[in-house]
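Presented below is the structure to which this report refers.
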Amino acid sequence: SAQIDHEHLRIHEDNAGFFGFFDTVNDQEVASALVAAAVQWLASRGMTLMRGPFSLSINEETGMLVEGFEAPPTIMSPHHRSYQGALAEGAGLQKAKDCYGWKHQVLPAPPRAQRAWETITSLPEVRFRSVSPRKLKKEVHDILDVFNDAWQHNWGFVPATDSEAKKMAADLQLILDKELSFFAEIDGQPVAICVCLPNLNEAIFDFDGKLSPVTVPKLIWRLKIRHPKWARLMLLGIRTELRGKKRYAPLAMAVIAELVRRGLKQGYEWAELGWTLEDNRLINAAIRSMGSTIYKRYRIFEKPIGA
């Protein structure tokens, strides 16, 4: 696909158009033709740079898998054939940024994280609160409000829109595990979010791509009662106004420790954390300190139009 994200252009003013859903047989001529068609479409609309793959925006499935092919994809994460990165480069695409997918074994939080959790939960104005399925539209609005504030300075950031909020609420209706998705609140106001979802792909592996009167009850049982062994941490963010306040300095690690406590209680064994940008040293260091390891690498490519 080739697409223009007008919200991205409004914020970044870089004349960048996007491509996505890149899939091809192992043939350089075919791959180059696909890239050329996307470039031509974007050029005809005044774009001077092509970036991707995004399906369809940076707030959805992002990047091309270039490392970690042996592990199956988790919910809402891209997966590609091992030859596709080389085909993309052969078509003139160059690396813009890498994103990491982290593998985390769900074990009790290490002492440093536990101390952070104890410090934060001892503050009388702070509490962790699960997302309420009964108020999902309002909850998603609050989640994205924190997300838009917390992520606003990240590379490529585009704020989530009202239409994306509606879609997110609809998507979460079935798959949400309220114990894994929660807010941190100060005096009743959301200041941090954690959205972690059970791995839907694990629950539907034997459905042959079909939902039926037989498979739907199985899906509900696998998601809500048995629980998959894997989950994926989708969103983690803290309002920017808190980052310089010493009183709340341990909050980020406390949120992760709270997620670990909840995951253990629900019986999850593994989680994919991310994606995270390769140059986000602060969050990558925090994730690594929890014992997580990089097991997938997703690459965002770009190509100057006219080059």
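At a glance:
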quantity: Charge dipole (the stretch 107-268, unit charges on Cβ, about Cα centre) - positive-most of Ile143, Ile186, Thr215; calculated: Thr215
quantity: Where a label projected 7 Å from the Cα of Lys265 along Cα→Cβ would reach, residues of the stretch 151-186 with amide N under 16 Å; calculated: 177-185
quantity: Cut-off under 5 Å, modelled amide H: who pairs with Asp5 long-range; calculated: Phe18
quantity: Cα-based equivalent ellipsoid of the stretch 107-268: semi-axis lengths in Å, sorted from largest, via gyration tensor; calculated: 29, 20, 13
quantity: Alpha carbon centroid spacing (whole Å) that separates the stretch 175-206 from the stretch 1-47; calculated: 33
quantity: As computed over the stretch 34-161, the Cα convex hull volume per residue (Å³); calculated: 189
quantity: For a label point 7 Å along the Cα-to-beta-carbon line of Phe207, residues of the stretch 170-200 with backbone N under 14 Å; calculated: 171-176, 198-200
quantity: The stretch 190-307 shape via C-alpha gyration tensor axes, a/c threshold 1.5; calculated: oblate
quantity: Prolate/oblate/rounded call for the stretch 132-191, Cα gyration tensor, a/c under 1.5 rounded; calculated: oblate
quantity: Relative exposure of Glu60, Glu241, Glu164, judged by other C-beta atoms within 10 Å (fewest first); calculated: Glu241, Glu60, Glu164
quantity: Reachable lysines from Lys245, criterion Cα separation under 17 angstrom, eight or more residues apart if same chain; calculated: none
quantity: Residue-by-residue Karplus 3J(HN,Hα) for the stretch 182-196, coefficients 6.51, -1.76, 1.60, Hz, glycine and proline x; calculated: 7, 10, 9, 10, 10, 6, x, 10, x, 10, 8, 10, 9, 10, 10
quantity: Inter-label distance, nm, simple model (7 Å from Cα along the C-beta direction), Glu185/Asn280; calculated: 2.6
quantity: Pair Thr161, Glu89: separation of 7 Å Cα→Cβ label points (nm); calculated: 3.5
quantity: Contour minus Cα-Cα distance for Gln28 and Ser44 (0.36 nm per residue); calculated: 3.4 nm
quantity: Over 19 Å between alpha carbons, listed pairs Lys137/Lys166; Lys224/Lys296; Lys103/Lys296; calculated: Lys224/Lys296
quantity: Set of the stretch 84-109 residues, backbone N closer than 16 Å to the point 7 Å along the Cα-Cβ line of Phe69; calculated: 84-90
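A short reminder: the numbers here are calculations on the coordinates, not readings from a lab. All values reported here derive from a predicted model rather than from experimental measurement. So basically every Cβ, Gly included, is an ideal-geometry build from the backbone, and we count neighbours across all protein chains shown.
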